[in-house]
Every structure is written in structure tokens, then in C-alpha cells.
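Report on one structure; see the data block that follows.
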Amino acid sequence: MNSYDAIVIGAGHNGLVTANYLARAGKRVLVLERRAIPGGQAVTESFGEDWTVDSLHAGGMLRPDIVRDLGLNIPAPAPQAFTAHTDQGVLRIGPTLTDAASIESIRAFSAADATRWPEFVAFMNSCAQMLDAVYAVPMPRELPHVDLRREGLPMAKLALRLRRMGKRDMFRFIRALPMTSLELFEEWFESVALRAALASVAIHGHTLGPMSAGTGYTLMHNWLNRGGLAAPQHAAGTGSIVRALTEALLAARGEIRTGSAVQKVLIERSRAVGVRLASGEEIRAAVVFSGADPRHTLLALAGERELAPEFSWHARNIKMRGAVAKVHFRTDGRHGIAAGTHAVAASLKHMERAYDASKYHEIATAPYLEVSTRGETVSVHFQYAPYKLKSGDWASEGKRLEEIALATLAPLFPALAASVRGSRVLTPMDLEREYGLTEGDVNHGQLAMDQFFFMRPLPNWSDHRTPIAGLVLCGSGVHGGGGISGATGRNAAKQYLGGRVG
Amino acid sequence: MLQLKRTPFHERTSALSQAQNWRRWAGHIVLGSYDLGLDREYWGIRNAAALIDISPLLKYRITGPDAAALLHRVTPRDIHRMSVGQVGYTGWCDEEGKLVDDGTIARIGQEDFRMTSAEPSLRWLEMNAGGMDVRIVEESDALAALSLQGPNSRRVLNACCETSLDGLKYFRVADNTLAGCKVQISRTGYTGDLGYEIWLQPEDALTVWDALLAAGHNYGIVPCGILAMDMARVEAGLVMLDVDYTSSHAAWIDSQKSSPYELGLDWSVHLDKEGYFVGREALEREHRDGPAWKMVGVEVDWEGMEKLYAAVGLPPQIPAMAVRGSLPIYNGTTQVGYASTSTWSPVLKKYIALAHLQRPYYQTGTALSIEVTVEHHRRTAPARVVKLPFYEPEWKKK
């Protein structure tokens with residue numbers, strides 16, 4: 001009988017984290033991946049002969065408790081510097097953030113800012129720790145009603161945790177969440193260069209501008225995932241995480257099948273009983289976890305026919321709106337770009353204008369870019385490249401991204417253009433088609449104010465369950481998700497193993 | 001300026017109106033009655049043939065490969081089991097199993113349905129049509145409709161239709177030609193009598209109206225307003241939205257909502273059907289536990305009424321039309337429900353009401369009492385629970 005205890009749709013980092021937790025709990029787990037290789041967004045893959053690239057994320061790290069719980073063997077990412085190229089000059093913050101050189105770099109722009117910097121870093125670290133705790137607790141199911149026994153205690157602990165930030169930081173934290181990063185930084189710093197540098201981290205990966213409400217929150221979120229400002233890069237690529245997860249899963253007798261696209265979740269009387277693959281093969285399981293984004297999971301894999309009309313209406317309206325593209329250059333190695341994360345962030349206004357373009361479905365011609373290198377590869381994170389274009393389509397506009405990126409980088413890295421031997425552009429459409437990200441949204445749903453915490457992916461559905469019994473969300477689109485952390489994969493597995501969902 | 005719409009028959013109906021008794025119906029004006037009283041029109045329904053303009057009904061045409069799947073999902077009825085030419089009456093619910101609206105669904109073709117409703121339903125249909133290959137077109141204004149009700153209705157139609165109606169069974173629909181105009185005729189109605197509804201192009205309205213009146217001349221045809229129909233529908237035990245129940249989309253509070261079980265529409269809920277439908281889980285639960293309320297018929301004891309009125313020196317006073325006011329119903333001195341519509345039934349010679357009663361008082365035969373206002377004083381008259389419909393002539397389904 002072709003049957004498992006659990007099926008996990010998608011071998012992204014979250015799906016693999018879920019599968020590992022389940023396998024370690026003795027469940028017979030099958031992970032199904034539509035691509036030929038596992039990894040999802042954390043993939044390091046070959047784009048040609050001897051050319052392997054961190055396709056979507058130049059770095060990442062799982063939460064330390066996950067690494068511990070699953071006994072993962074992931075070489076620690078090397079500490080990286082964060083360099084912001086602003087129109088006021090170059091600002092360089094070292095991996096430890098508050099070392100003397102970093103403070104001196106800030107002092108070149110403002111002595112007052114250099115003095116405040118350590119306090120800000122401490123505050124952001126405190127916020128990130130708070131978020132980390134919040135992200136480990138599935139939100140109550142039916143607010144304002146809280147099931148005291150099941151949900152009340154974890155919430156009370158969170159409240160206590162918040163209180164322990166201290167009166168001043170607690171209020172600062174709560175107040176900073178909905179703020180625009182512009183306003184937040186205006187309160188802290190006078191240097192426009194430092195403001196721009198920080199704003200670039202706040203907007204990274206989000207379809208928001210530095211003047212958008214809620215970028216105070218996205219700064220904390222990215223700060224948590226990065227452990228600061230720079231992306232935590234792995235010597236062997238972001239795929240190191242995937243490799244470790246895969247090895248651990250196989251060791252725990254879990255199975256992974258690549259090249260196996262799930263076409264439909266099989267549903268009998270509003271209960272998930274398995275999946276049907278694109279090949280027509282049907283595999284049954286007691287529970288189905290989906291690491292795919294909520295919109296795809298609910299509307300395509302489960303199908304609107306199985307959902308209540310209001311619910312599917314809400315699911316249709318989950319804001320995805322990806323505006324991220326990637327441009328990878330294969331060079332002869334003489335690109336002249338130092339290691340670490342480089343933010344090309346001329347000014348806060350400049351980034352806001354770049355965001356404005358995406359609001360009107362245009363490609364930003366003066367974009368915010370984040371550049372990193374791994375050996376001879378130069379990877380460029382391009383923002384904003386909106387999924388929906390006012391004119392033209394992504395089949396033809398991809399080349400423009402490359403041109404804009406090169407033109408933007410030329411003054412900063414004069415050796416780059418001449419060193420380029422090949423390139424690979426991933427447009428938002430590629431992100432959707434190749435990586436299964438609806439509307440090219442790397443976060444599986446924007447981390448906007450109306451979609452976070454207990455509203456992620458939908459109000460009252462932030463505890464991993466869906467209206468289909470036995471269909472559990474374990475991907476980034478649930479509360480705790482966004483970026484590479486594994487939090488939602490872990491939470492989903494714990495919810496299930498604790499008998500709270502499924 | 002708000003302008004109520006006129007129906008395609010307005011030119012004829014307005015000319016015949018004696019009483020200028022205009023009523024609002026779904027944004028239109030239609031005649032409540034043509035005469036000053038309702039008697040002639042009511043008896044037209046029960047004894048001869050009554051012609052009623054029902055054009056304001058909201059109508060939706062649902063076509064395409066998933067047309068049946070959409071209606072199967074929206075309603076608790078097993079739509080896949082309906083044959084082409086069949087018409088089904090059903091309510092439809094929200095996810096909590098509470099009624100949103102009710103109407104008929106006609107399967108005109110394998111992938112072609114017409115749904116009628118009391119309230120605008122386009123948004124609800126479209127909200128449910130996600131991921132389906134289906135086309136939903138509102139044809140409320142694009143289609144005129146007449147109801148011909150009464151024991152002579154078939155004879156009248158046979159006198160003016162190209163195809164005899166003798167073969168058209170109860171709750172079936174078929175194409176026909178009436179006075180040279182292409183029409184669809186369904187054996188449906190809102191009176192509980194033998195009757196038909198005629199669906200036609202608005203431009204044919206006057207031709208069809210004239211042809212029916214001419215054909216019905218020897219059969220006692222009577223143009224009839226909606227107030228006489230209202231009396232007849234109570235006798236037939238048929239519910240009306242906003243009178244006997246509140247749409248869950250319009251209710252202010254949960255207790256204003258009703259389930260199909262609470263309205264006695266159990267027979268239209270097919271829990272054995274395949275797949276998800278809106279409200280399934282809630283309805284399954286209610287089916288298991290039994291409804292807390294139920295709409296039933298209540299007959300008021302005539303001698304009890306006589307006594308109440310005799311006490312003030314009057315014979316019993318009866319309303320001249322169906323009363324859409326809530327009347328408390330008691331078990332002893334405890335209120336156990338209310339009547340949402342009450343009427344004098346001329347054909348039964350009884351004072352009857354559609355009553356919503358709490359469990360267990362909805363059992364047939366239960367003796368209760370209902371509020372009657374006698375000369376400005378509130379009294380109660382004995383009443384008892386009876387099965388619906390109150391009245392069902394043997395020719396209704398023959």
C-alpha cells in the first residue's frame with residue numbers, strides 16, 4: 001500500500017525541517033519536490049558547467065534550536081561585513097556591528113550617530129530576540145477568544161517575555177513595529193548615509209519602501225534572520241543548509257522524491273487523505289503538510305471547491321506582490337568586489353522612488369541592489385522588479401534587469417563589467433514558475449501590517465491549520481515565516497506532534 | 001432620484017388597476033391587488049386561473065462545464081442528480097448552515113441552469129465560482145415572467161400554446177410557443193395549486209399577456225396581485241424571505257438567522273450528496289442534533305376566537321390579507337415561539353399561521369395559544385400545531 005504517516009509538499013528548508021521533526025518522532029515521512037533538486041529558496045544549484053549559484057538567497061541560517069533539535073551538521077556561516085554604498089559615501093559595518101572600525105566608519109558621517117550606534121544595535125538585538133520568541137508561538141486561533149489551557153499559557157509567557165525587555169525597550173519595540181523606517185531612523189540618527197544603510201535592510205525582500213508603515217517591523221524581522229545587517233553566507237553556499245537537512249532526514253528514514261510535482265491534495269469529506277502527483281500517481285497519508293505558499297496551497301492544491309466562499313475570497317486576497325529579481329554574473333574572478341554584503345542604497349528617498357516604480361508596475365530604473373560574491377560569482381538582489389508589469393512582460397524584460405544592474409554597479413565596481421563572462425537573470429515570473437512562488441513573493445505573502453502575527457496568512461488561521469482537516473501549512477506564509485529561518489517548519493511539526501493540528 | 005422600475009407588463013397591469021394598490025418588490029412596483037378587496041383574485045387562484053406578474057424575481061443564468069458543480073456547491077441540493085428539464089426548489093446557506101436566500105433552480109440543459117432568488121445573488125454566486133469554468137449572467141431585467149395559477153391554468157395554456165402542457169410534470173420546464181412568441185414554461189408556482197410560470201422576452205410581454213387573457217376568458221382568468229398570492233402561499237406553507245426568515249447576510253444577530261431545518265426544508269437538504277457544499281459541516285451537525293427551532297403550521301381554534309370576541313360583543317374579526325407581523329405563541333404562560341405570517345384561509349375557512357416554535361413544541365398536534373388583539377386588548381386564542389401545507393388540492397401535482 002502506497003501510504004505514509006505524513007506527506008510534506010515541497011523540499012524547501014521549511015518542508016525539510018518539518019519532515020525531520022516528524023521523522024525523528026518516528027513517523028514515516030515522504031517529501032515531494034517538484035524540482036529536480038531539493039532546496040526551494042535555500043537552493044545552491046548549477047547554472048551551467050562548473051557554475052553553482054545561491055539562486056535566491058545569498059545566505060541564511062536556521063534558528064539555533066532547530067539545528068540542535070535535529071542534530072544538523074551545518075558549518076557555521078562566516079561572519080560578513082555590511083557595506084552600504086550611499087550618495088554620501090561608503091559606510092562599512094563589520095560582522096560584530098559595534099567593533100571600533102564600524103563605529104569609526106559611522107563617525108565619518110556623524111559623531112553623534114557613532115555614539116548612539118551601540119545602543120541601537122542592542123535595541124535591535126533585543127527586538128530580534130523578542131520576535132524570535134514570538135515566532136516560536138503559534139497565534140491564538142479565534143481572537144479575541146483565547147483557549148486558556150492551550151493558547152493562554154504560551155501567550156502569557158510571551159507577554160512576560162515582552163515585559164522583560166524592560167519598560168523602555170518594550171514600548172520602543174511596540175512603537176517601532178508599525179513605524180516607517182524613515183521615522184524610526186530620524187529619531188535615532190542624523191546621518192542620511194546611516195539611515196539609508198539601515199533602510200536597505202528594512203526593505204530587503206519586501207514590497208515596501210522606507211516610507212511604508214511597518215518597515216520598522218520588517219527591519220527587526222530581517223535583523224533576526226541575518227543576525228544583524230549582513231547576510232550570513234556559507235562557504236559552500238546556502239545549499240549547505242539543505243544538504244544537512246536532507247542527510248538528517250534520510251538518516252531518520254525519511255524519503256524525498258524530487259521531480260514529483262503535487263497537482264492536488266486529495267480530499268474526502270473535507271479531510272486531506274493524500275496527494276495526486278502531476279503524473280497521476282496517488283499517494284495517501286494521514287496528514288499532508290504544505291510548504292508551498294498559502295495561496296497556492298489553498299486555491300490550487302486544495303482547490304476553491306473545497307473551501308467556504310468567504311474563506312477562499314480571503315485566500316485570493318492574500319497580498320503576494322513580489323518585487324524581487326536576481327541577476328547572477330559569472331565573472332573571470334576579477335570583479336573587484338570585496339567579500340560580504342554590499343547594499344547599493346544611495347539614499348532613503350532614492351529607495352522610496354525605486355519602490356514607487358513598483359507601485360505603478362514599472363521596473364525601478366534606479367533600483368536598490370544588494371550584491372554579494374562567492375568566488376567568481378557576483379549575485380545581485382534587484383529591487384524593485386514588480387511581478388505585474390504595466391507594459392511588456394517578463395519574457396522580454398529580463399534582459400533590462402541585467403542592463404540596469406550593470407549600469408548601477410559600474411560606478412561602484414568599475415572592474416565588474418569587464419569581468420563578466422556570463423549571466424543568469426531570475427525574474428519574478430521565474431520565481432513563480434521555477435520556484436513555485438506565487439507572484440514571485442519570496443516571503444509567501446507580504447509581511448505587511450495587515451498580514452503579520454495572528455493575521456498570517458489570514459486572520460485566525462495563523463496556527464498552521466487550514467479548513468481542510470489534515471492539511472497543515474508548514475511554509476513561510478504562516479506566522480513566524482519569511483526569510484530562511486525554519487521557524488514555520490518547526491512550529492508546524494510541533495503543532496502536529498502535540499496533537500493541536502491535523 | 002430613486003426610481004422604482006416598472007415591469008414589462010406595466011402598460012397592461014396599470015390600466016387594469018382599480019385600487020392603485022402598488023407594492024414594492026425587488027426595486028419594482030407591482031400591483032398588490034387590482035380590486036379594492038382580495039377575494040376575486042384569491043378565488044381566481046383557487047377556483048379558476050390567476051395571472052400574476054412576477055417579473056421582479058431575480059434571475060440568474062448559469063452556464064458552462066462547471067455550472068452544475070457551482071450550484072451543487074452553493075445549495076444543499078444534489079444538483080448533479082437533476083435531469084435536464086427538471087426544476088428544484090431549494091434554500092442556500094452560508095458556511096454556518098444558515099439560510100442566505102431561497103429560490104428555484106431549473107436545469108434547462110446539461111450545462112445550463114436558471115436560478116431565481118429573492119435578493120440579489122450575483123456576488124454570492126461569483127464568490128463561490130472561484131476556479132470554476134462557469135458563466136454567471138444576471139437576467140432579471142432580460143427576462144419577463146408571469147405566473148398562471150389555478151385549477152384551470154393548464155386549460156388556458158393549452159388554448160394558446162403550440163405544445164400541449166398535458167405532458168409537463170410537476171416541477172418540470174420546457175420550451176413552448178405562446179401566441180407566436182418563444183417562451184419557457186415551468187410547472188411551478190408560489191400558491192400550492194396547479195400552476196405554471198412563463199419565462200419570456202420582455203418585448204413579447206404584452207403579446208403574451210393579451211393572448212393569455214383572451215385564452216383564459218372562458219376559464220375565468222383573473223389578473224391577480226401579489227397580496228392574494230401571499231395568502232395562497234401561506235396556505236401552501238411556503239416561506240418568504242424577510243418575512244418568515246432573515247437572510248444570514250442581512251441578519252444583525254445570530255438568533256435572527258435560520259437553517260433549512262428550522263424552516264422545515266429538510267427535504268431539500270441532501271446530506272448524502274457528494275463533495276463539499278457551503279454549510280455542509282454545520283448542517284450535518286444540526287441534522288445529527290435536531291434543530292432547536294422549527295417552522296410549522298398553526299391553526300387557530302375558531303370557537304376560541306369566537307369566545308374572545310363574544311366577550312366584547314363582536315363576531316370574530318379577521319384580517320383581510322396575510323399579516324406580516326410577529327405574533328407570540330405560548331405554552332400556558334411561557335412564550336415558546338412566534339408566528340411570522342398569519343392569514344385567514346378562505347378555502348379552509350380557518351385562521352392559520354406559519355409559526356416558529358422551539359423544540360419540543362413543534363410536534364404535530366401540540367396544543368398552544370396565540371396572541372389575538374381583541375378591541376385593543378391582547379388576548380390569547382387556543383391553537384394547535386398542524387402539518388404543512390395547510391392546503392394541497394389533489395390536482396396540484398396531477
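The values are calculated or read from the model by the stated rules, or taken from the named source; none is laboratory data. Model, not experiment: these values are computed from the prediction. For neighbour counting, all protein chains shown are included, and Cβ atoms are generated from backbone atoms with ideal geometry for every residue, glycine included. Just so you know, the surface numbers come from the protein's heavy atoms only, side chains and all, with ligands and any DNA or RNA stripped out. Shrake-Rupley method; radii C 1.70, N 1.55, O 1.52, S 1.80 Å.
Quick notes on this one:
- In this structure the stretch A:163-240 gives 31 Å² per residue of accessible area when probed at 1.4 Å with all protein chains present.
- Counted over the protein assembly as shown with a bin width of 20 Å, the fraction of Cα pairs per bin, in whole percents, is 13, 35, 25, 20, 7, 0.
- Solvent-accessible area buried by A and B, counting both chains, probe 1.4 angstrom, square angstrom: 1100
- The value of relative contact order for chain A, using C-alpha pairs under 8 Å at least six residues apart, is 23 percent.
- Length available on full extension from B:Glu284 to B:Thr163: 0.36 nm per residue minus the Cα-Cα distance, which gives 39.2 nm.
- Fraction of C-alpha pairs exceeding 44 angstrom in chain A: 10 percent, rounded to a whole number.
- Three-way shape label, the stretch A:324-438, alpha-carbon gyration tensor, a/c 1.5: oblate
- Overall form of the stretch B:306-398 per C-alpha gyration tensor (a/c, 1.5; a/b vs b/c): oblate
- For B:Thr246, the residues whose amide H sits under 5 Å from its own are B:Ser258, ignoring neighbours fewer than 5 places away on the same chain, with H placed 1.01 Å from N.
- Accessible surface of chain B, 1.4 Å probe, proportion on carbon and sulfur as whole %: 50
- Averaged over B:124-133, number of beta-carbon atoms from partner chains that fall within 10 Å: 4
- Each part gets one Cα centre, and for the stretch B:50-124 versus the stretch A:304-364 those centres are 44 Å apart.
- Compactness of the stretch B:132-194 was expressed as the Cα radius of gyration divided by 2.2 N^0.38 Å, which yields 1.27.
- Projected label points at B:Thr333 and B:Lys273, each 7 Å from Cα along the beta carbon direction, are separated by 4.8 nanometres.
- Estimated 222 nm signal from helices in the protein assembly as shown, with DSSP H stretches of n ≥ 4 weighted -39500 (n - 2.57), rounded to 500: -8500 deg cm²/dmol
- FRET efficiency, 1/(1 + (r/R0)^6) with R0 51 Å, evaluated for A:Lys264 and A:Thr96 via beta carbons: 0.55
- Residue-normalised accessible area of chain B, expressed per residue, 1.4 Å probe, Å²: 43
- Summary of packing: across the peptides B:11-20, A:59-68, A:283-292, the per-residue average of other C-beta atoms within 10 Å ranks them, highest first, as A:283-292, A:59-68, B:11-20.
- For peptides B:300-309, B:48-57, sequence by mean Cβ density within 10 Å, most packed first: B:48-57, B:300-309
- Under the Karplus curve 6.51 cos²θ - 1.76 cosθ + 1.60, θ = phi - 60°, whole-Hz ³J(HN,Hα) for the stretch A:486-494, x wherever Gly or Pro sits: x, 4, 5, x, 5, 4, 4, 5, 5
- When each of the peptides A:399-406, B:151-158 is scored by the mean number of other C-beta atoms lying within 10 Å of its residues, the order from highest to lowest reads B:151-158, A:399-406.
- The 3J(HN,Hα) values that the Karplus relation (6.51, -1.76, 1.60; θ = phi - 60°) gives for the stretch B:281-296 are, in residue order, 4, 5, 5, 4, 5, 5, 5, 5, 8, x, x, 6, 10, 7, 8, 9 Hz. Gly and Pro appear as x.
- Average beta carbon contacts from partner chains per residue of A:265-272, 10 Å cutoff: 2
- Label-reachable residues, the stretch B:23-39, where backbone N falls under 19 Å from a point 7 Å from B:Thr373's Cα toward its Cβ: none
- For the stretch B:300-357, diffusion coefficient by Stokes-Einstein and Kirkwood Rh (Cα), 10 °C, 1.306 mPa s, µm²/s: 129
- For B:Val386, the residues whose amide H sits under 5 Å from its own are B:Gly297, B:Val298, B:Glu299, B:Gly365, ignoring neighbours fewer than 5 places away on the same chain, with H placed 1.01 Å from N.
- A straight chain from B:Lys349 to B:Arg384 at 0.36 nm per residue would run longer than the Cα-Cα distance by 11.0 nm.
- Mean partner shielding of peptide A:299-308, defined as the number of other chain Cβ atoms within 10 Å of each residue Cβ, is 5.
- Whether chain B is rounded, prolate or oblate, judged on the alpha carbon gyration tensor where a/c under 1.5 counts as rounded: oblate
- Carbon plus sulfur fraction of accessible area for the stretch A:99-226, probe 1.4 Å, in percent: 60
- Pairwise centroid distance, computed over Cα atoms, of the stretch A:216-266 with the stretch A:393-468, Å: 17
- Protein accessible area in the stretch A:324-438, 1.4 Å probe - carbon and sulfur %: 51
- Theoretical FRET efficiency, 1/(1+(r/R0)^6), r = Cβ-Cβ of A:Ser3 and B:Asp133, R0 41 Å, to 0.05: 0.80
- Hz values of 3J(HN,Hα) by residue in the stretch B:303-318 - Karplus curve (6.51, -1.76, 1.60), Gly and Pro given as x: 5, x, 4, 4, 4, 4, 6, 4, 4, 10, x, 10, x, x, 9, 10
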